[in-house]
Amino acid sequence: MNIPEHRKAIDSLDAQIVKLLNERTKHVLEIGDIKLKAGEEIYAPHRERAVLERICKLNHGPITNESLRAIYREVMSSALSLEKSMTIAYLGPEATFTHQAAIRRFGASLKYSAQKTVADVFSEVTKNRADYGVVPIENSTEGVVTHTLDMFVDSDLKIVAQIVLPIQHCLVSTCKREQIKKLYSHPQSLGQCRIWVQTHLPNAEIIETSSNARSAEFAAKEKNSAAIAGSLAAEHYGLRILESDIQDNSANATRFLVLGRQCSPPTGKDRTSIMLSLSHEVGALYKALAAFRRFKLNMTKIESRPSKRKAWEYYFFVDCEGHKEDKRVAKAIVELQKECNFVKVLGSYPNGD
Ligand SMILES: C=C(O[C@@H]1C=C(C(=O)O)C=C[C@H]1O)C(=O)O
């Protein structure tokens with residue numbers, strides 16, 4: 001076939017794709033009506049995951065699964081936005097990695113609302129000013145985001161999904177590398193690029209900021225300065241990328257949580273997050289954790305945080321594989337309730353990303 005013939009074929013296929021996309025969207029809208037009448041959440045991360053897995057299985061190329069997922073992300077996002085005007089609150093300012101993670105999960109068609117602090121994200125969702133919130137929870141190099149864990153103590157919000165984003169830091173600036181005197185960085189990002197910075201910018205004055213986007217904003221305003229930030233922030237603040245992938249660990253990734261008001265149903269491949277507190281006595285943690293062993297549940301994480309109510313009293317945050325409605329997880333929770341002073345299930349949600 002020559003080019004005009006190929007283009008004619010493309011035009012005819014596009015006509016079918018547009019028709020099919022609208023037919024699909026009509027079904028999504030019908031489902032949305034049924035859900036609204038039943039008081040159910042419109043967004044269903046478990047179903048979205050099943051759709052994405054299915055289309056990847058159906059795919060025989062040449063489109064890559066990654067591209068197909070990105071296309072479907074937007075197909076689902078546009079339908080969601082027609083079902084209901086949805087707002088996603090995230091830890092801002094604009095162009096942070098959290099913003100990037102939120103767009104990756106919810107697509108470009110929804111409304112996004114940047115918040116100053118993790119506490120503000122929780123508050124926006126609690127007060128119904130946002131439908132969902134996105135906050136960072138842990139980085140594979142630097143560990144847990146303590147503010148986020150602390151927020152769960154007094155909040156009734158649920159974790160409804162997680163997003164794992166590979167984090168690629170860049171050195172961004174308006175000047176040349178040899179002219180850099182100041183380096184703006186969020187402490188977490190600096191921790192992830194420590195060796196690179198010590199090796200390549202040993203004489204730069206390091207100034208810590210509250211976010212990667214803020215670092216980029218400062219570097220854009222000040223001569224002879226640079227920032228550690230992501231490519232979205234570089235683009236947003238008009239900075240040049242002097243070096244990309246400067247994180248010390250190439251497998252650097254951050255896990256973000258999607259906060260909502262209702263738990264997701266089981267998918268068969270879930271994770272449950274639980275918070276608990278114990279009496280200050282010998283073997284208390286050992287006895288509590290025995291529940292996970294007894295019901296053969298793989299524990300994927302444990303963190304402790306000061307309770308802030310009484311000195312040397314702690315809350316433990318435990319993640320395990322499985323959904324709270326799975327028999328073994330439900331039994332383990334009953335067992336935990338017997339052994340602990342306090343147990344709260346923060347959510348069960350699809351595992352992996
Ligand atoms: C259509 C539904 O609602 C939403 C839209 C989806 C879609 O476009 O496929 C999938 C899950 C939900 O977020 C559903 O729950 O099936």
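The values are calculated or read from the model by the stated rules, or taken from the named source; none is laboratory data. Values in this document were obtained by computation on a predicted structure and should not be read as measured data. When we count neighbours, we look across all protein chains shown, and the Cβ atoms used for this are built from the backbone with ideal geometry, even at glycine.
Mind checking which residues of segment 85-105 are without any contact (Cβ under 8 Å) to a residue 60 or more places away in the chain and under 21 Å from SER123 (Cβ atoms)? It would help to see each step written out before you state the result.
We begin by selecting, within segment 85-105, every residue without any contact (Cβ under 8 Å) to a residue 60 or more places away in the chain; these are 85-90, 103.
Correct list: SER85, MET86, THR87, ILE88, ALA89, TYR90.
Can you confirm whether ARG73 is within 21 Å of ILE159 (Cα to Cα), in a helix (DSSP H, G or I), within 11 Å of the ligand (Cβ to nearest atom) and within 28 Å of the chain's Cα centre (by Cα)?
Yes: the conditions hold for ARG73.
Based on what the data block shows, is GLY32 modelled with pLDDT under 95, more than 14 Å from the ligand (Cβ to nearest atom) and under 28 Å from ASN128 (Cβ atoms)?
Here the answer is no, as GLY32 does not meet what is asked.
Here are GLU48, GLU40: which of them is of a type in the set (Asp, Glu), within 19 Å of ARG261 (Cα to Cα), near the ligand (Cβ under 10 Å from one of its atoms) and assigned to a helix (DSSP H, G or I)?
The conditions single out GLU48.
Considering only segment 340-349, I want to know if a residue exists there that is over 30 Å from ARG47 (Cα atoms) and either under 22 Å from the mean Cα position of the chain (by Cα) or polar (S, T, N, Q) (or both).
For segment 340-349, residues over 30 Å from ARG47 (Cα atoms) and either under 22 Å from the mean Cα position of the chain (by Cα) or polar (S, T, N, Q) (or both): present.
Return only the number of the condition from (1) among the polar types (S, T, N, Q); (2) surrounded by fewer than 19 Cβ atoms within 10 Å (Cβ to Cβ); (3) in contact with a strand residue (DSSP E or B) (Cβ under 9 Å, 6 or more places away or on another chain) that SER279 does not satisfy.
It fails just one condition, (3).
Residue check, ALA44 against (1) out of contact with any Phe, Trp or Tyr (no Cβ under 8 Å at 6 or more places or on another chain); (2) within 30 Å of SER189 (Cα to Cα); (3) surrounded by 18 or more Cβ atoms within 10 Å (Cβ to Cβ), all met but one. Which one?
Of everything listed in (1) out of contact with any Phe, Trp or Tyr (no Cβ under 8 Å at 6 or more places or on another chain); (2) within 30 Å of SER189 (Cα to Cα); (3) surrounded by 18 or more Cβ atoms within 10 Å (Cβ to Cβ), ALA44 misses just condition (2).
Considering each residue of segment 165-215, count those that are part of a helix (DSSP H, G or I) and basic (Lys, Arg), and give that number. Full working, then the answer.
Step one: of segment 165-215, the residues part of a helix (DSSP H, G or I) are 177-179, 187-192, 194-200, 212-215.
Filter once more, so that each one left must be basic (Lys, Arg): 177, 194, 214.
Within segment 165-215, residues that are part of a helix (DSSP H, G or I) and basic (Lys, Arg) number 3.
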